[in-house]
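Working notes, beginning with the structure itself.
The values are calculated or read from the model by the stated rules, or taken from the named source; none is laboratory data. This one's a predicted model, so the numbers in the text were calculated from it and none came from an experiment. Using ideal geometry, Cβ is built from the backbone for each residue, glycine included, and neighbour counts are taken over all protein chains shown.
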Amino acid sequence: MPDVTKASHTSAAVPASVPDSAPAPRMPRGAPKGLPTLRTEPELLDPVDRKIIAELQGGFPLCERPYAAAAARLGLGVVDDDGEEELLLRLSALLDAGILTRFGPMFQIERIGGSFVLAAMRVPGKCWEEVVARVNALSEVAHNYRREHEFNLWFVLATETPQGIDAAIARIEAETGLPVYPFPKEREYFVEMKLKARL
């Protein structure tokens with residue numbers, strides 16, 4: 001079984017922040033580094049949290065106050081009329097508890113001038129922790145996984161420009177002394193993965 005060594009993408013994929021000009025508060029990003037403590041025991045999720053997870057994996061409102069609109073759709077704030085704040089607090093708690101490892105948008109980065117690439121490394125066991133720490137320190141590393149394979153460290157690089165990929169690879173190689181093997185995509189597939197939270 002793979003060890004997740006950086007926050008992965010297996011959580012609700014919906015917008016996590018709003019434009020700076022909008023009045024809605026920004027969502028915290030959760031713990032971006034290190035191994036998240038995943039707590040998924042059923043008793044930790046009340047019915048409202050389960051509904052939030054089930055409902056917000058797609059179709060997030062695109063409006064001036066998306067969290068207020070999402071809260072209204074979820075039926076939050078009926079009693080105290082502050083559903084937006086309740087939704088933000090609940091999402092923060094889910095992130096802090098490690099139940100969600102990420103809450104944010106999924107972009108087709110090439111359309112906005114950036115680039116993604118899957119990359120792999122052969123990391124000797126004796127320096128595994130040091131290499132993983134150095135790789136995770138780069139903001140361009142979206143997530144990585146340990147695999148039982150000759151190439152035992154796999155990660156995704158995401159950069160603002162295509163040239164940023166080469167720069168990130170060069171930095172990893174310089175800091176670790178190990179080669180990085182990039183695997184640029186040849187064809188794109190859309191796989192919509194939604195995780196069920198039993199209501």
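The number of residues in segment 93-105 being surrounded by 14 or more Cβ atoms within 10 Å (Cβ to Cβ) and either part of a loop (DSSP other than H, G, I, E, B) or at pLDDT 95 or above (or both) comes to 8.
For segment 102-116, a residue qualifies if it is under 28 Å from Glu150 (Cα atoms) and either hydrophobic (A, V, I, L, M, F, W, C) or within 14 Å of the chain's Cα centre (by Cα) (or both), and exactly one does: Phe116. Selection over segment 67-95 of residues that are under 19 Å from the mean Cα position of the chain (by Cα) and either among the hydroxyl-bearing types (Ser, Thr, Tyr) or within 25 Å of Met193 (Cβ to Cβ) (or both) gives a count of 9. The residues of segment 158-186 that are in a loop (DSSP other than H, G, I, E, B), in contact (Cβ under 8 Å) with a residue 12 or more places away in the chain and either in contact with a Phe, Trp or Tyr (Cβ under 9 Å, 6 or more places away or on another chain) or not charged (D, E, K, R) (or both), listed by number, are Thr161, Leu178, Pro179, Val180, Pro184, Lys185. Of the numbered criteria (1) under 30 Å from Leu56 (Cα atoms); (2) modelled with pLDDT of 90 or more; (3) in a loop (DSSP other than H, G, I, E, B); (4) not charged (D, E, K, R), the one Tyr189 fails is (2).
In this structure, Trp128 does not satisfy being surrounded by 14 or more Cβ atoms within 10 Å (Cβ to Cβ) and touching a Pro at 6+ places or on another chain (Cβ under 9 Å).
Checked against (1) under 30 Å from Tyr189 (Cβ atoms); (2) at pLDDT 90 or above, Gln108 meets all criteria but (2). Scanning segment 117-156 for residues that are within 14 Å of the chain's Cα centre (by Cα) and either under 16 Å from Pro182 (Cα atoms) or of a type in the set (Gly, Ala, Ser) (or both) gives Ser139, Glu140, Val141, Ala142, His143, Asn144, Tyr145, Phe155, Val156.
Report yes if some residue within segment 144-156 is touching a Leu at 6+ places or on another chain (Cβ under 8 Å), β-branched (Val, Ile, Thr) and under 29 Å from Ile52 (Cα atoms); otherwise report no. Yes, because at least one residue in segment 144-156 is touching a Leu at 6+ places or on another chain (Cβ under 8 Å), β-branched (Val, Ile, Thr) and under 29 Å from Ile52 (Cα atoms).
If you go through segment 106-125, how many residues are buried (at least 16 other Cβ atoms within 10 Å of the Cβ) and assigned to a strand (DSSP E or B)? Result for segment 106-125: 6.
Among the residues here, Leu138 does not qualify as under 21 Å from Asp46 (Cα atoms), of a type outside the set (S, T, N, Q) and modelled with pLDDT under 95. Within segment 130-157, restricting attention to residues that are small (Gly, Ala, Ser) and either part of a loop (DSSP other than H, G, I, E, B) or touching a helix residue (DSSP H, G or I) at 6+ places or on another chain (Cβ under 6 Å) (or both), the residue that is nearest to Leu118 (Cα to Cα) is Ser139. For segment 64-89, taking the residues that are among the small types (Gly, Ala, Ser) and touching a helix residue (DSSP H, G or I) at 6+ places or on another chain (Cβ under 7 Å), the one that is nearest to Gly104 (Cα to Cα) is identified as Ala70.
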